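Before any comments, here is the structure.
The values are calculated or read from the model by the stated rules, or taken from the named source; none is laboratory data. Note that the structure is predicted; figures quoted are calculated from it, not measured. Here the Cβ positions follow ideal geometry from the backbone for every residue, glycine too, while neighbour counts run over all protein chains shown.
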Amino acid sequence: MYSKSISVIAAFLAITASATTEPAPIGKRCTGTISSLDDVAAAILCTTININSFTVDAGKTFLLNLAAGTTVNVLGDVTFGVSAWAGPLFQIAGSNIYFNGNGHTFNGQGPSYWDGLGGTGTTKPKFLRITATGTFTNLKVLNSPINTFSVGTDGPLTISKITIDDSLGDQPNSNSAGKAAGHNTDGFDVGSHNLLITDCVVMNQDDCLAVNKGTNITFQNNKCSGGHGISIGSISSDAVVNGVYIIGNTVTDSDNGLRIKTKADATGATVSGIYYTGNTVNTIHKYGVLIDQSYPSTLGTPGTGVLVSDVQFISGNTVSVDSSATRVAVNCGSGSCTGTWNWAGLTASGGKTGTINYSGIINYPSVTATSTTSKTTTTTKTSTTTTKTTTTTSTSKSTTTTSTTSATSTGTVPAYGQCGGIGYTGATTCVSGYTCVYSNDWYSQCVAA
């Protein structure tokens, strides 16, 4: 029987004894002050650094290569000069650092760059790059020229209480030909291990979160609006993503809600252990939940070079889409989605029924009717009421999944049902021939013994 009482954050903090980082500079017990880029070299010798309000020279990186254990306090707003270059505008490195923005603003002056084309238009600098471990908190990031945070660290790293406000880019300008001026303003682009992003607000015109590679990544209690939702990917060749926990977030007024996107031509990559718990998604314009292996196309011919497994909707995920949008669509390549995916914790409403071409999904109402071919999906759309009535009785698989959702603490859990996890109150004993196996703190599943 599975039992856990620790929180996700406590579990995250416990990992780090084994985390490895490059040797850091040895700092002095002094306080350095930065009021211009000329002050940086002397200031980073100290283990306390105060950043005053100033303007960073155009075309230069505000680079903090910190001694281990350094505390950085932002005491005023920082504006970054405008120049057509790749960036980043700001970069921070070091082990066990504590960066406190104290509510101040880093202003990237996005309107001076925005042309509605993002990465395909004029050259724009990426904004902030973090390779440090420790804590990065309490900063407002305003008007990103293009991608806001690029996070690449072995961790542990906690990013918290960040506000990314690129909402001005929702409006057209004189260079954007009537389109939204901001484009490719991703909130957090992640290629990291042992990362927690929590209590952040992202208002932008691209992915709120994009996990490109990495392990043990938690995205918790964040608010995303205006962009493309929370994404795993796009996944390129040889990338590995494992253990991503999407917990308690809100996604509103966005093109997509929750998405996994793998490149059609990618090879040798894996995506596994993606767990959704307690997320609220509404006012979605295109897809509420989208798993698509044909990127950059949408629901095109899927590739088969990225193996996707163990995608679970644990509990409390509600998705509501616009009338013209699609609730849920799954587009797997032949043999490239594997294992049983329990979606009992997903409720989707509004819009249209989408094609789901992977039969390994259980406990989601339309799967049995749509998991064979797109032709079957057409039948589902033309006879929605009938399909809902018969889906749970037409096959033995449907009968099994129905009993999973009604399991109680005194009953038994059917094959591939949930049998444990933080906050779980259902049955914990599996049916004969199956055993309860721990996946993560939030989810255990009955699998064949």
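When the residues of the stretch 298-336 are filtered to those that are polar (S, T, N, Q) and assigned to a loop (DSSP other than H, G, I, E, B), the one that is nearest to THR267 (Cα to Cα) is THR304.
Examine the stretch 4-11 for a residue that is assigned to a loop (DSSP other than H, G, I, E, B), at pLDDT below 50 and among the polar types (S, T, N, Q), and state whether such a residue exists. For the stretch 4-11, residues assigned to a loop (DSSP other than H, G, I, E, B), at pLDDT below 50 and among the polar types (S, T, N, Q): present. Take the conditions in contact (Cβ under 8 Å) with a residue 40 or more places away in the chain and either within 25 Å of GLY103 (Cβ to Cβ) or in contact with a Pro (Cβ under 7 Å, 6 or more places away or on another chain) (or both) and apply them to ASP189. Does it pass? Considered against the rule, which asks whether it is in contact (Cβ under 8 Å) with a residue 40 or more places away in the chain and either within 25 Å of GLY103 (Cβ to Cβ) or in contact with a Pro (Cβ under 7 Å, 6 or more places away or on another chain) (or both), ASP189 comes out as yes. What's the total number of residues in the stretch 210-231 that are under 12 Å from ASN256 (Cα atoms) and within 10 Å of the chain's Cα centre (by Cα)? Result for the stretch 210-231: 3.
Yes or no: the stretch 237-247 includes at least one residue that is modelled with pLDDT of 95 or more, among the small types (Gly, Ala, Ser) and surrounded by fewer than 21 Cβ atoms within 10 Å (Cβ to Cβ). Can you show your working first?
Within the stretch 237-247, the subset modelled with pLDDT of 95 or more is 237-247.
Cutting the leftovers down to among the small types (Gly, Ala, Ser) gives us 237, 239, 243.
Next cut, surrounded by fewer than 21 Cβ atoms within 10 Å (Cβ to Cβ) only: 237, 243.
Yes: one or more hits.
Applying the selection to the stretch 213-270, what residues are assigned to a strand (DSSP E or B), among the hydroxyl-bearing types (Ser, Thr, Tyr) and over 24 Å from LYS161 (Cα atoms)?
SER234, THR262, THR270
In summary, ASN65 fulfils each of the numbered conditions (1) touching a residue at least 40 places away in the same chain (Cβ under 8 Å); (2) within 20 Å of LYS161 (Cβ to Cβ) with the single exception of condition (2). Residues of the stretch 106-120 that are on the phi < 0 side of the Ramachandran plot and in contact (Cβ under 8 Å) with a residue 12 or more places away in the chain: PHE106, ASN107, GLY108, GLY110, PRO111, SER112, TYR113, TRP114, ASP115, LEU117, GLY119. Could you tell me whether any residue of the stretch 81-99 is in a strand (DSSP E or B), out of contact with any Leu (no Cβ under 9 Å at 6 or more places or on another chain) and of a type outside the set (Asp, Glu)? Taking every residue of the stretch 81-99 in turn, at least one turns out to be in a strand (DSSP E or B), out of contact with any Leu (no Cβ under 9 Å at 6 or more places or on another chain) and of a type outside the set (Asp, Glu). Looking at this structure, is THR123 out of contact with any Asp or Glu (no Cβ under 8 Å at 6 or more places or on another chain), crowded, with 17+ Cβ neighbours inside 10 Å, at pLDDT 95 or above and not hydrophobic (A, V, I, L, M, F, W, C)? Considered against the rule, which asks whether it is out of contact with any Asp or Glu (no Cβ under 8 Å at 6 or more places or on another chain), crowded, with 17+ Cβ neighbours inside 10 Å, at pLDDT 95 or above and not hydrophobic (A, V, I, L, M, F, W, C), THR123 comes out as no. If you go through the stretch 127-180 and pick out every residue that is free of Cβ contacts under 8 Å to residues at least 60 places away in the same chain, closer than 30 Å to PRO25 by Cα and more than 19 Å from the chain's Cα centre (by Cα), you end up with 3.
Contact map, the stretch 417-439: residues that are farther than 18 Å from ALA344 by Cα and surrounded by 15 or more Cβ atoms within 10 Å (Cβ to Cβ) paired with residues that are basic (Lys, Arg) and at pLDDT below 70, Cβ distance under 8 Å, separation 6+ or inter-chain. No pairs are found.
Applying the condition of being out of contact with any Gly (no Cβ under 7 Å at 6 or more places or on another chain), of a type in the set (Gly, Ala, Ser) and assigned to a loop (DSSP other than H, G, I, E, B) to the stretch 337-350 and asking which residue is surrounded by the most Cβ atoms within 10 Å (Cβ to Cβ) yields ALA344.
Tell me the residue from GLY229, GLY248, GLY214, GLY268 that is small (Gly, Ala, Ser) and touching a His at 6+ places or on another chain (Cβ under 6 Å), please. The match here is GLY214. For the stretch 368-384, the criterion of being buried (at least 22 other Cβ atoms within 10 Å of the Cβ) and modelled with pLDDT of 95 or more is satisfied by no residue at all. Answer yes or no as to whether LYS140 is of a type in the set (Lys, Arg) and outside any strand (DSSP E or B). Judged against the criteria, LYS140 is not a match. In the stretch 80-110, the residue that is nearest to THR31 (Cα to Cα) out of those that are among the β-branched types (Val, Ile, Thr) and under 28 Å from the mean Cα position of the chain (by Cα) is ILE97. Residue pairs whose Cβ atoms lie under 8 Å apart, sitting 6 or more positions apart in sequence or on different chains, and linking a residue in the stretch 93-105 that is under 21 Å from SER53 (Cβ atoms) to a partner that is at pLDDT 95 or above and of a type in the set (D, E, K, R), are GLY101/LYS140; GLY103/LYS140; HIS104/ASP77; HIS104/LYS140; THR105/ASP77; THR105/LYS140.
Could you tell me how many of the residues in the stretch 12-57 are assigned to a loop (DSSP other than H, G, I, E, B) and at pLDDT below 95?
Here is the first cut: in the stretch 12-57, the ones assigned to a loop (DSSP other than H, G, I, E, B) are 19-27, 35-36, 44-45, 52-53, 57.
Restricting the remaining residues to those that are at pLDDT below 95 gives 19-27.
Of the residues in that region, 9 qualify.
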